[in-house]
Amino acid sequence: MILETERLLLREFTIDDADFILELVNTPQWLKYIGDKGVKTLNDAEKYLKEGPITSYRDNGFGLWLVQLKNTNIAIGMCGLVNRNTLDHIDIGFAMLPDYSKKGYGFEIASATLNYAKNSLNIDKVIAITDPNNIASIQLLNKLGLHFEKTLKLSDDDSVLVFAPALYTNDRKKINDITANFYAVFANIKVKKPNVDALQELFVSNGRLTNNTYDTSEVLDLKDFISSRKKILSDGALLDFSEGEIYHKTEVFNTIAHRFSFYQKSGKLNGTHFESKGMKTIQFIKENEEWKILSVAWSDEIIE
């Protein structure tokens, strides 16, 4: 056994796990986001195990491991470390059977694996790669403390996102909190009332907000922006509104920071339901040990 958590066990694969591998690598999520490995028979699965995880155990001292439920020993997924020629650092990989997704198992075993890599294997840096459309994986990587670093082109028609540990950890946490609070002030779902005035605590006094969705940009100072959003969120024009971040890229240097924030939002505008996504660029500055938003500019997707 490699390690155990509150609910899970992690152990090395053996050839006897071929049945499980055959099932896992042919699930819809695997095929969509990881790709078809050509494992169609038990013989294919045995070959995959021999040439992949089992060879890695011998050559590297680690590899992809089998995830089991602690109380039943039922196999539910894989998680582990991969040494790829195409990457500068070891990366973490994980996948679960559909019946065991959205139960917190991925975070539980992946966080334990990162700790094992650092404290038992003395690997100083572990990164991750994922499909750009795999939102659940991106959110999990952010939760693990890995943040978008770059896009890596694997071929002319295939690329992945690379995630790595963040520098300026404490500053990033504060910026994450400010961003979450920024999105939260506009929510008016059910009994929750928007608190747009709270923006005054998040921004510098001379903050600027710019809507650049269309050809002509709309630029507002903080006071005018608060006034305009109060009106639309309280006069019945915009109801059941919520907005939240899907993923982000944040760069911090000393007392300045910049965040690209990809978001989604939904609500009812003048009685018509809508859903859309967009991108915000947010600038922060740090004064007297306190981070504030300096400016925000955004562009919503235009739905024809």
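What follows is calculated from the coordinates using simple rules that are stated; it is not laboratory data. From a predicted model like this one, the values you see are computed outputs, not experimental measurements. Here the Cβ is made from the backbone with ideal geometry for all residues, glycine too, and neighbour counts use every protein chain on show.
Between Ser159 and Ser234, the FRET efficiency from the beta-carbon distance, with R0 = 35 Å, is close to 0.20. Approximating the spin labels as points 7 Å out from Cα along Cα→Cβ, the Ser111-to-Tyr33 distance works out to 1.8 nm. Computed about its Cα centre, the charge dipole of segment 118-173 is approximately 380 debye, with only Lys, Arg, Asp and Glu carrying charge at their Cβ.
Which of Asp240, Asp197, Asp215 comes first, and how do the rest follow, when ranked by fewest Cβ neighbours within 10 Å?
Values: Asp240 13, Asp197 10, Asp215 5.
Going from least to most buried by this count: Asp215, Asp197, Asp240.
Please figure out what share of the DSSP beta bridges in segment 3-165 is antiparallel and state it in percent, rounded to the nearest 5.
Values: 28 of 30 bridges.
So the antiparallel bridges in segment 3-165 amount to around 95 percent.
On the basis of the beta-carbon distance and an R0 of 22 Å, Asp224 and Glu201 show a calculated FRET efficiency of 0.80. With the cut-off at 18 Å, report for segment 1-156 the share of all Cα pairs above it, as a whole percent. Distances greater than 18 Å cover 58 percent of the Cα pairs.
Fewest first, what order do Glu218, Glu245, Glu149 take by the number of other Cβ atoms within 10 Å?
On the way: Glu218 12, Glu245 18, Glu149 15.
Least crowded to most crowded, the residues run Glu218, Glu149, Glu245.
Would you mind checking Lys102/Lys174; Lys150/Lys277; Lys125/Lys265; Lys230/Lys277; Lys118/Lys150 for any pair whose Cα atoms are more than 25 angstrom apart? Listed pairs above 25 Å: Lys102/Lys174; Lys125/Lys265.
Based solely on its DSSP helices, what 222 nm [θ] is calculated for the chain when runs of n ≥ 4 H residues each add -39,500 (n - 2.57) and the sum is averaged over all residues, nearest 500 deg cm²/dmol? Spell out each step's value before the answer.
Numbers: 9 runs with 84 residues, N = 304.
Calculated from helices alone, the mean residue ellipticity at 222 nm is -8000 deg cm²/dmol.
FRET efficiency for the pair Asp177 and Tyr214, taken as 1/(1 + (r/R0)^6) with r the Cβ-Cβ distance and R0 = 30 Å, rounds to 0.45. Which entry in (1) 211; (2) 133; (3) 180 matches volume of the Cα convex hull per residue in Å³ derived from the coordinates of this structure? Answer label, from the structure shown: (3). Label-to-label distance for His89 and Met1 is 3.0 nm, based on points extended 7 Å past Cα in the beta-carbon direction. Estimated at 0.36 nm per residue, the fully extended path between Ile135 and Thr55 surpasses their Cα-Cα distance by 25.7 nm. Label separation (Asp44 vs Phe260): 3.6 nm, computed from points 7 Å beyond Cα along the C-beta direction. By the rule of a C-alpha distance below 20 Å, with chain neighbours fewer than 8 residues away ignored, the lysines paired with Lys40 are Lys32, Lys50.
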